[in-house]
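Worksheet: one structure, shown below.
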Amino acid sequence: MKTDHFGKDIATVLLTEEQIQRRLVEVAAQVDEDYADRDILLVGVLKGAVVVMADFIRCLESHVTMDWMAISTYGSGTKSSGVVRILKDLDTDLDGRDVLIVEDILDTGLTLSWLIENLRSRGPASVEVFTFLRKPDAVQVELDPKYVGFDIPNEFVVGYGLDYAEHYRNMREVGVLEPSVYGR
Ligand code: 5GP
């Protein structure tokens with residue numbers, strides 16, 4: 001769905017469909033080069049990464065497999081609690097695998113640093129991160145994702161898989177949510 005249909009809920013469009021697709025092609029080319037001759041296991045984090053994963057895998061030339069985890073940190077609010085719970089674990093054994101986590105957004109980094117540690121403890125050959133969005137001004141932990149789609153301002157964004165109270169995931173662009181919506 002196009003951002004126009006969400007009317008006044010969106011304060012500004014940060015990233016258009018064209019910008020997003022162009023950047024995914026660039027990141028995929030880098031990943032293809034870095035992982036030449038290695039099978040990548042892409043690990044997506046539900047539900048926010050569904051949209052970026054769907055577009056990203058189709059930009060890759062490498063052989064990949066894909067698995068999903070569901071973890072909970074957020075509820076329906078706009079602030080990260082840092083408390084992580086596994087709602088759905090991986091089906092894949094990570095022993096010796098080259099894991100590339102695909103995340104929707106790196107905000108404080110609390111969720112991702114927990115996830116990296118968790119996956120590392122399962123004996124993979126490597127664990128790297130592709131985060132579609134990163135808020136450099138919000139990051140609270142030492143974390144250096146190998147691939148970053150876009151650095152964005154420290155505002156609450158929705159669209160392209162990212163929700164507020166489970167809405168707006170189907171917006172094709174990424175936009176800043178009008179703060180008055182939080183109060184609903
Ligand atoms: P962190 O632990 O890095 O603070 O938060 C990571 C998770 O919080 C993301 O996976 C995402 O679900 C949620 N999150 C953080 N910032 C935003 C945002 O601006 N918009 C939305 N929709 N979710 C966010």
So if we plug the beta-carbon distance of Lys8 and Asn118 into 1/(1 + (r/R0)^6) with R0 = 35 Å, what FRET efficiency do we get, rounded to 0.05? 0.30
Between Ile10 and residues 5 or more places away or on another chain, the pairs with built amide H atoms under 5 Å apart involve Glu178
Dipole-positive endmost among Pro124, Val181, Gly149 within the chain (Cβ charges, Cα centre): Val181
Given bins 10 angstrom wide, list per bin the percent of all Cα-Cα distances in the chain, short to long. 9, 39, 37, 14, 2, 0
Please work out how many pairs of lysine residues in the chain are eight or more positions apart (or on different chains) and have Cα atoms closer than 17 angstrom. 4
How big is the dipole moment of the range 98-155 about its Cα centre under a simple scheme where the beta carbon of each Lys and Arg is +1, that of each Asp and Glu is -1, and everything else is neutral? Debye, nearest 20, please. 200
Using per-residue counts of other Cβ atoms within 10 Å, averaged over each peptide, order 125-131, 61-67 from highest down. 125-131, 61-67
Based on the alpha-carbon gyration tensor of the range 17-58 and its eigenvalue square roots a ≥ b ≥ c, which shape applies: rounded if a/c is under 1.5, prolate if not and a/b is larger than b/c, or oblate? oblate
About its Cα centre, how strong a charge dipole does the range 38-141 have in debye, to the nearest 20, once Lys and Arg get +1 and Asp and Glu get -1 at the Cβ? 320
Using a 7 Å offset from the Cα along the Cα-to-Cβ direction at both Leu143 and Ala36, what is the distance between the two label points in nm, to one decimal? 3.1
Answer with one residue from Ala11, Val84, Gly161: the one whose Cα lies farthest towards the positive end of the charge dipole of the chain, charges on Cβ with Lys, Arg +1 and Asp, Glu -1. Ala11
Per Stokes-Einstein, at 37 °C and 0.692 mPa s, what whole-number D in µm² s⁻¹ belongs to the range 110-184, with the Kirkwood radius over Cα pairs as the hydrodynamic radius? 231
Kindly rank 157-167, 102-112 from highest to lowest mean number of other beta carbons found within 10 Å of each residue. 102-112, 157-167
Arranged from highest to lowest average of other beta-carbon atoms within 10 Å per residue, in what order do the peptides 44-50, 134-140, 147-153 appear? 44-50, 147-153, 134-140
Relative contact order for the range 21-168, counting Cα pairs under 8 Å that sit 6 or more residues apart, in percent: 23
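A short reminder: the numbers here are calculations on the coordinates, not readings from a lab. Fair warning: this is a prediction, and the values are worked out from it, not measured in the lab. We place every Cβ from the backbone using ideal geometry, glycine too, and count neighbours over all the protein chains shown.
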